[in-house]
Amino acid sequence: MTLEQRQTAEATEPQTHYSPEEAGEILRIAAHLQDNTITAEQLRAIAREAGVSDENLERAVQQYEQSRQAEAQLRQQTIARRKRRFKVFALFSAVIVAMFAFVASFLFIEYMSSPSRYSGLGFGQSQSTYFGRKLLTSSQHCKVYKEQVDGLNSKERIIIQWADGREHVVSAEFSLVVSAFVAPSEKRVAIYDEGTGDVWLIDADTNALTWTARRGWMLLYPDTQVQVQVSYNDPLVGWSSNGKEDVLLIRLANGSIEEIPIPAK
């Protein structure tokens with residue numbers, strides 16, 4: 001087919017029509033395939049060729065630029081929101097970590113000040129060895145010793161040894177036991193832990209531990225609502241008896257001795 005015949009055939013073929021949207025998509029694909037950009041002048045020339053007025057083209061360009069700016073603004077706002085959320089999350093995490101550290105420090109300090117209160121939880125009992133047994137006090141039928149814990153905290157434990165060879169080891173560990181007294185009935189032992197300032201009663205048969213007083217603290221009698229302050233200096237005096245029950249003797253801040261009857265079991 002000659003060139004003239006081809007031109008004649010193309011002129012007689014029915015023309016395909018495209019909507020503005022389709023024309024724009026075709027031009028976009030063509031520019032992508034060409035891997036090139038189109039200048040504003042080229043865009044105007046294409047628009048004129050397609051029968052689009054310069055006025056409508058400018059309006060279309062303005063609308064497109066506004067849309068592109070709005071999209072860019074939206075992306076920036078999204079990034080800013082993500083940054084704010086990350087900062088809030090980081091701050092919240094820091095607060096949680098700080099609170100956890102505070103609680104852990106508080107519990108550690110509390111345990112260090114009075115380890116025997118937490119003996120039921122098993123703290124300070126594993127992987128410990130003991131040495132240096134020292135006699136604290138004795139009575140007709142029993143002796144009370146303390147042993148040093150060879151561990152990180154250098155704590156102490158109490159052993160009650162009976163004349164028949166039985167030994168009771170108190171499960172709790174103490175800081176620095178400086179004195180111990182066996183009750184007249186030999187049913188209880190009172191000890192004073194100078195490291196924490198606590199006075200404890202030990203049941204000689206069951207090893208049950210009862211906290212009784214602390215140096216400088218107030219003693220309250222529920223029946224009379226009377227409060228007395230315990231001495232800051234060596235508050236544990238010892239024992240006496242009223243003929244029916246053991247009586248624990250506690251030194252008060254004013255120098256007097258407070259008698260606390262301990263009911264018989």
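Odds and ends about this structure:
Here's the yes/no breakdown for (1) closer than 22 Å to Glu259 by Cβ; (2) within 37 Å of the chain's Cα centre (by Cα); (3) not hydrophobic (A, V, I, L, M, F, W, C):
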site	(1), (2), (3)
Lys143	no, no, yes
Ile191	yes, yes, no
Ile202	yes, yes, no
Thr206	no, yes, yes
Gly216	yes, yes, yes
Val226	yes, no, no
Val230	yes, yes, no
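- Checked against the criterion of being touching a Phe, Trp or Tyr at 6+ places or on another chain (Cβ under 7 Å), of a type outside the set (Val, Ile, Thr) and on the phi > 0 side of the Ramachandran plot, the candidates Gly216, Gly255 yield just one match: Gly216.
- Some residue of segment 199-210 being farther than 23 Å from Ile160 by Cα and open to solvent by less than 70 Å² (accessible area, probe 1.4 Å): no
- The residue of segment 123-163 that is nearest to Glu194 (Cα to Cα), among those that are modelled with pLDDT of 90 or more and among the small types (Gly, Ala, Ser), is Ser138.
- Of residues in segment 39-71 being outside any loop (DSSP other than H, G, I, E, B) and small (Gly, Ala, Ser), the one nearest to Ala23 (Cα to Cα): Ala47
- In segment 137-190, the residues that are among the aliphatic types (A, V, I, L, M), open to solvent by 20 Å² or more (accessible area, probe 1.4 Å), under 27 Å from Lys244 (Cβ atoms) and part of a loop (DSSP other than H, G, I, E, B): Ala163
The values are calculated or read from the model by the stated rules, or taken from the named source; none is laboratory data. For clarity, every value in this text was computed on a predicted model and none was experimentally measured. We place every Cβ from the backbone using ideal geometry, glycine too, and count neighbours over all the protein chains shown. SASA here: full protein model, heavy atoms, side chains in, ligands and nucleic acids out. Shrake-Rupley method; radii C 1.70, N 1.55, O 1.52, S 1.80 Å.
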